[in-house]
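A.B. asks: Right, I'll just put the structure down here and ask away after.
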Amino acid sequence: MARVLTPRAEDFPRWYQDLIAKAKLADNGPVRGTMVIRPAGYAIWERMQAEMDARIKAAGAENAYFPLFIPESYLKREAQHVEGFSPELAVVTHGGGKPLAEPVVVRPTSETVIGEFMAKWIDSYRDLPLLLNQWANVVRWELRPRIFLRTSEFLWQEGHTAHATREDARAYARRILHEAYEDLMVNVIGIPVVVGLKTTRERFAGATATYTCEGMMGDGKALQLGTSHELGQNFAKAFDISYSSKEGGREHAWTTSWGTSTRMLGGLIMAHGDDNGLRVPPKLAPIQAYVMVVKDGDGVGEAAAKLRDGLRDAGVRVALDDRTDTPFGRRAVDAELRGYPVRVEVGPRDLAAGNAVVVRRTDGSKSPTPVADVVGAVLAALETDQQVLHDQALANRESRTVEVATLAEAIEAAATGWARVPWSAVGVAGEAEANGQGVTVRCLLRADGSVPDSEDEPDLIAILARAY
């Protein structure tokens, strides 16, 4: 197949940009740092949305929508929050041709405005827990934008909840972390994430604890794919989110927030893509099987349409490409770039022998298959290749993760992958030293791989890496 992308091993960032452009996933917007998500990219985002939305609702949260514009004074009520976001804010000072009485911030995240309404809606312990989620766009002014990974405007879901106790808030933040985020990333997107606790230095502005899902990309760097935060009572006190307890007293609620974004699209590309383009895991793919007419005539078009219908009836998301006025080779290259998990190629010669050719995107294998067996072969390939992509990503992570004993060794290892090092060998001072060399502590884990409650627990493991 003709080379259309810069090889990953030659220039990974260039390969990433090439793939986004050639697969027609997205384009740069007219304002620096913005992006246009094209239909092929948006279709994948819609699948991510649908899968995530189902998991969030299964955890009891309900969708709502809050304003894009937030009074500047709201952000100033929570000191750490405004300090953390201040460099990224877009602020509107004029509206309708006149100066505004108070500047408004274009939503960077919604803890403040949602906190204002939680205070209005919560009165009694009977109103708790209040579990909200919204799908929205947010704006954070990026100095070094990169499509899907860091853009000044991006799409996401952000969840916000209020609880009667710290224990309930922590349990819910972790429930979302594991049952929504980790489950989607591992079992649908096929990225074997490491789930852990962020250090105080890496914690979300205004949070008391931040939990994260970290994935290794094809070049060995880390990508933060989703976070869930315990906010303690910081925002509850700033916005007076309080309730009458069973005992009759007045108590402040405990709140959480959590979010995932279009950054997951960047993770999908960099974790699974190869030199021929995108490889989309079958459970995620908007088009799981792509039936292609190689050359029309001799009943080929009719046979291809019948295969499409049979696949659709079997529950496969399928599309038919019968554009025989476009050279087949070009269409095949485009299909590879788009990452369709399985192609079914139907041509006169194969059909005369009673066959169609089943092509798997994971390994490029081509199998002449009796027409009557194509649906079964496609279903088997989809099931197998979902696991194949996960296992390949896991093998990449394991082969590029090393156990080390010192900070210096960890920083050296982060040049090509991840380092696992005792947190006691790093500490706050060591973390600052690593940051100065472009290396961050991605998360902290217990020795058994579980998520700690605090960075002060003994015998924690730190994951150090370079990151996007």
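Yes/no per residue for (1) among the charged types (D, E, K, R); (2) outside the structural domain of Trp135 (by TED's automatic domain parsing); (3) over 16 Å from His81 (Cα atoms); (4) in contact with a Gly (Cβ under 7 Å, 6 or more places away or on another chain):
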position: Cys213; (1), (2), (3), (4): no, no, yes, yes
position: His229; (1), (2), (3), (4): no, no, no, no
position: Lys237; (1), (2), (3), (4): yes, no, no, no
position: Ser242; (1), (2), (3), (4): no, no, yes, no
position: Ser245; (1), (2), (3), (4): no, no, yes, no
position: Ala253; (1), (2), (3), (4): no, no, yes, no
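A.B. asks: Select from region 294-326 the residues that are under 35 Å from the mean Cα position of the chain (by Cα), closer than 25 Å to Leu19 by Cα and not acidic (Asp, Glu) and list them in ascending order.
C.D. replies: If the condition is that a residue be under 35 Å from the mean Cα position of the chain (by Cα), closer than 25 Å to Leu19 by Cα and not acidic (Asp, Glu), then Arg317, Val318, Ala319, Leu320, Arg323, Thr326 are the ones that fit.
A.B. asks: A further question follows. For region 208-230, check the following and say yes or no: at least one residue is touching a helix residue (DSSP H, G or I) at 6+ places or on another chain (Cβ under 8 Å), at pLDDT below 95 and buried (at least 19 other Cβ atoms within 10 Å of the Cβ).
C.D. replies: Within region 208-230, none of the residues are touching a helix residue (DSSP H, G or I) at 6+ places or on another chain (Cβ under 8 Å), at pLDDT below 95 and buried (at least 19 other Cβ atoms within 10 Å of the Cβ).
Residue-wise test of (1) surrounded by fewer than 22 Cβ atoms within 10 Å (Cβ to Cβ); (2) in contact (Cβ under 8 Å) with a residue 40 or more places away in the chain.
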residue	(1), (2)
Leu284	no, yes
Val300	no, yes
Ala305	yes, no
Asp313	yes, no
Leu320	yes, no
Thr326	yes, no
Ala332	yes, yes
Val344	no, yes
Ala353	yes, no
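A.B. asks: Sticking with this one: If we scan region 355-367, do we find a residue that is over 24 Å from Gln392 (Cβ atoms) and either at pLDDT 95 or above or part of a helix (DSSP H, G or I) (or both)?
C.D. replies: yes
A.B. asks: So which of Asp127, Asp123 is touching a helix residue (DSSP H, G or I) at 6+ places or on another chain (Cβ under 8 Å) and surrounded by fewer than 17 Cβ atoms within 10 Å (Cβ to Cβ)?
C.D. replies: That would be Asp127, the only listed residue that is touching a helix residue (DSSP H, G or I) at 6+ places or on another chain (Cβ under 8 Å) and surrounded by fewer than 17 Cβ atoms within 10 Å (Cβ to Cβ).
A.B. asks: Right, here's the next one. Do you know which residues across region 249-282 are touching a residue at least 60 places away in the same chain (Cβ under 8 Å) and charged (D, E, K, R)?
C.D. replies: Passing the criteria: Glu251, Arg263, Asp274, Asp275, Arg279.
A.B. asks: Can you confirm whether Arg38 is surrounded by fewer than 17 Cβ atoms within 10 Å (Cβ to Cβ), modelled with pLDDT of 95 or more and within 20 Å of Asp334 (Cβ to Cβ)?
C.D. replies: Here the answer is yes, as Arg38 does meet what is asked.
A.B. asks: What residue, of Val441, Val426, Val404, is among the β-branched types (Val, Ile, Thr), modelled with pLDDT of 95 or more and in contact with an Asp or Glu (Cβ under 7 Å, 6 or more places away or on another chain)?
C.D. replies: From the options Val441, Val426, Val404, the qualifying one is Val441.
A.B. asks: Working carefully through the options Glu455, Glu403, find the one that is over 12 Å from Thr199 (Cα atoms) and of a type in the set (Asp, Glu).
C.D. replies: Glu403
A.B. asks: Quickly run through region 142-175 and pick out the residues that are farther than 24 Å from Phe85 by Cα and among the hydrophobic types (A, V, I, L, M, F, W, C).
C.D. replies: Across region 142-175, the qualifying residues are Ala164, Ala171.
A.B. asks: Here is a follow-up. Which one of these is touching a Phe, Trp or Tyr at 6+ places or on another chain (Cβ under 6 Å) and polar (S, T, N, Q): Thr406, Thr369, Thr416, Thr401?
C.D. replies: Thr401
The values are calculated or read from the model by the stated rules, or taken from the named source; none is laboratory data. Just so you know, these numbers come straight off a predicted model, no measurement behind them. No Cβ is skipped: glycine too gets one built from the backbone with ideal geometry, and neighbour counts run over all protein chains shown.
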